[in-house]
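These notes are about the structure you will find just below.
The values are calculated or read from the model by the stated rules, or taken from the named source; none is laboratory data. Just so we're clear, the structure is a prediction, and the values are computed from it rather than from any experiment. All Cβ positions, even for glycine, are placed from backbone atoms using ideal geometry, and neighbour counts span all protein chains on display. With ligands, DNA and RNA removed, areas are computed over all heavy atoms of the protein, side chains included. Shrake-Rupley method; radii C 1.70, N 1.55, O 1.52, S 1.80 Å.
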Amino acid sequence: MKIFLTTCCFIVLVGCRQQTENKVVEQPVEQLVQQEEKEVSVAPTSEEKDEILAVIEGLDNRSFPLADSTNFDNVDKKGIHNPDFLKRIHFEADEVNFKDVRLRYRLHYSPAYYSIVLTYPLGEHEIITTLLNINKEGKIIDFLDIAYDEIAESAFRKESVMEKDRVVLTDWNYMSEVPTKTVTNYLLTSEGRFEEAS
């Protein structure tokens with residue numbers, strides 16, 4: 001661990017300014033440290049991989065197209081509650097209490113990786129639904145928040161329609177007199193990453 005931190009500090013010091021074709025590229029220190037930490041995440045053991053697969057296979061299968069607008073009015077307690085699974089795949093989110101997370105269903109975007117949807121509250125006033133893509137080794141490839149609701153101001157909401165090669169995400173903003181919406185298309189790469197369509 002000490003060697004890793006020393007290496008990170010050296011990389012941060014050296015990498016803060018990169019010279020590229022007579023252009024100076026600034027890269028925040030936090031970004032470099034996070035990038036290094038991601039690359040060194042520990043893969044699950046073979047026993048843990050078997051347990052991860054067993055949990056995933058126990059989820060309900062859903063087919064495309066599928067809309068998810070999970071919010072405080074329609075959220076339910078269905079799904080699997082399994083804090084160990086979340087720790088094994090190294091799922092992390094701000095202020096998440098693992099006992100409140102529900103693994104809800106599974107989608108089949110590709111045979112090369114697993115796609116699962118989970119829902120969890122953030123405090124008392126927010127609820128988030130996230131689509132995770134997990135590789136065959138049990139590590140998270142990428143994730144996308146596909147539904148969101150908050151009841152503190154009831155000003156923001158997010159919902160999605162998932163299709164066989166994309167996620168169409170709609171963000172609602174009720175802060176002004178006339179609500180506004182932003183629609184974003186995310187395409188799935190063959191590796192299981194979400195890329196915003198141009």
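Odds and ends about this structure:
- Filter result for Ile127 (in contact with a Phe, Trp or Tyr (Cβ under 7 Å, 6 or more places away or on another chain) and open to solvent by 60 Å² or more (accessible area, probe 1.4 Å)): no
- When the range 130-164 is limited to residues that are of a type in the set (Asp, Glu) and modelled with pLDDT under 95, the one that is surrounded by the fewest Cβ atoms within 10 Å (Cβ to Cβ) turns out to be Glu153.
- Of the strands (runs of 3 or more DSSP E) lying entirely inside the range 2-102, the ones with 2 or more residues being at pLDDT 75 or above are found at 66-68.
- Complete set of residues in the range 157-183 that are under 19 Å from Asn133 (Cα atoms) and either without any contact (Cβ under 8 Å) to a residue 60 or more places away in the chain or among the hydroxyl-bearing types (Ser, Thr, Tyr) (or both): Ser160, Asp165, Arg166, Val167, Val168, Leu169
- Among the residues of the range 57-66, those that are open to solvent by 50 Å² or more (accessible area, probe 1.4 Å) and within 12 Å of Val117 (Cα to Cα) comprise Asp60, Asn61, Arg62.
- Of all residues in the range 103-124 being surrounded by 17 or more Cβ atoms within 10 Å (Cβ to Cβ) and out of contact with any Lys or Arg (no Cβ under 8 Å at 6 or more places or on another chain), the one that is modelled with the lowest pLDDT: Pro121
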